[in-house]
1. Between Glu349 and Glu323, what is 0.36 nm times their sequence separation minus the Cα-Cα distance? Round to one decimal in nm.
2. For Leu344, tell me the accessible area in Å² from a 1.4 Å probe, rounded to the nearest 10.
3. Take the alpha carbon atoms of the chain, find their radius of gyration, then divide it by 2.2 N^0.38 Å using N residues; give the quotient.
4. For Leu40, Leu5, write out the residues from largest to smallest accessible area, computed with a 1.4 angstrom probe and no ligands counted.
5. For the stretch 170-275, with every protein chain kept in place, what is the accessible area per residue (1.4 Å probe, Å²)?
6. Please work out the average accessible area per residue across the stretch 1-131, using the 1.4 Å probe convention, and give it in Å².
7. Against the longest principal axis of the chain, how steep is helix 73-86, in degrees 0 to 90 to the nearest 10, with axes from Cα atoms?
8. For the stretch 232-306, with only Lys/Arg (+1) and Asp/Glu (-1) charged at the beta-carbon, what is the dipole magnitude about the Cα centre, in debye rounded to 20?
Amino acid sequence: MRIALLGPLAPWRGGLAQYLGLLGEALVTHAEVRGWTFTLQYPDALFPGRTQLDPDAPRPSFPVEATLNSIAPWSWRRTAAALERFAPGLVILKWWIPFFAPSFASAVGPLRPRGSRVVLVCDNLVPHERRPLDAALTRWMLRNSDGYLVMSEQVEGDLSRLKPGAPRRRVHHPLYAQFDRGRHTRETARAALGLEGDVVLFFGYVRAYKGLDTLLSAWPAVRARRPATLVVAGEFYEDETPYRRLAEAAGDSVRLLSRYIPDAEVEALFKAADVVVLPYRSATQSGVTHVAYALGVPVITTDVGGLAETVVPGDTGLVVPPEAPAALAEAIVKFFEDALAPRLRQGVERVRGEHSWEALANQTLALADELHPTRGWR
């Protein structure tokens, strides 16, 4: 069997590249796997961060070729030709934003009449921040794909509305266990970061929909009752000024690490934390939950989209309403005052055994069987 992956792969940074790479690693025991990735992902003018690359990110064990420029049509044809020479039975794409529809659809569409089948791993089908052409671009990609892996009820509902009856599998988001390299205990992580007492972590790039302002607004109420430290670790994709004002108003108990966090630093941040907070305004799912679980840390999240589906209240974390600073503060205080950490960490341990990359690989293969590729398959 031959399987092609198309999308961000190391050295492109972040959870999307990690997800696609780890899925590929799980599939190499079942098929010949090759990857195609970007020469240019986002034009600098459209990327709000400082860098799109992580030169230290581990490279996949399977072959990867950089051919695709998201804004260069000649590279779309070049990628389609490279994929055609491989003649895969299955092409897997990570799908998260309509901007990539022209390049992705043009690269994989020509393969489908020749017997290849295209599967999208759908982070979102309706983006958090909507733009005028989103619906048309999403429909273009859906016309050029065959099957779908969805990880939340909300995304599955969006798929049913946009492409009724489309073949799909509802799958668990696997845990990012690669971050647990065994280099830190809770104590050594805290010593390395200079942390003590109650520690709360907000992790990941900052945009309005992630609700960091809600958490910062809640923080004075937390500090009035607990000697806690809030660590905000991630690059700002919008103006930092309003967030810094809120952090300053909350006092010196907020530590801002305003930058991209490389993989090598992730383990210490999570192991030093007592709890991870996701105060999102909207979401389908978040990889941050699965980094937290992989490193044994409970989660407090808001009840939005598919995000709350990843938390079992009272077992792996707590769930609160969105945009409600008082409720969020109360949940954080309750976590510490009721000493919930040991019980919730036990729940997280149970989850760790249920969310594996091998299980995702098996679901992907089962979906592909249902799609009946006529070449490059069993």
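The values are calculated or read from the model by the stated rules, or taken from the named source; none is laboratory data. Note that the coordinates shown come from a computational prediction; the quantities given were computed from them, not determined experimentally. No Cβ is skipped: glycine too gets one built from the backbone with ideal geometry, and neighbour counts run over all protein chains shown. Protein only, heavy atoms only, side chains kept; ligands, DNA and RNA dropped before computing areas. Shrake-Rupley method; radii C 1.70, N 1.55, O 1.52, S 1.80 Å.
1. Details: separation 26, 0.36 × 26 = 9.36 nm, distance 2.93 nm.
Separation in residues times 0.36 nm, less the Cα-Cα distance, equals 6.4 nm.
2. 0
3. Details: Rg = 20.9 Å, N = 378, 2.2 N^0.38 = 21.0 Å.
The value comes to 1.00.
4. Leu40, Leu5
5. Working: 4400 Å² over 106 residues.
With the other protein chains kept in place, the stretch 170-275 gives 41 Å² per residue.
6. Numbers: 4960 Å² over 131 residues.
Here the per-residue accessible area is 38 Å².
7. It is inclined by approximately 70 degrees.
8. On the way: 6 positive and 11 negative charges, 23 e Å.
So the magnitude is around 120 debye.
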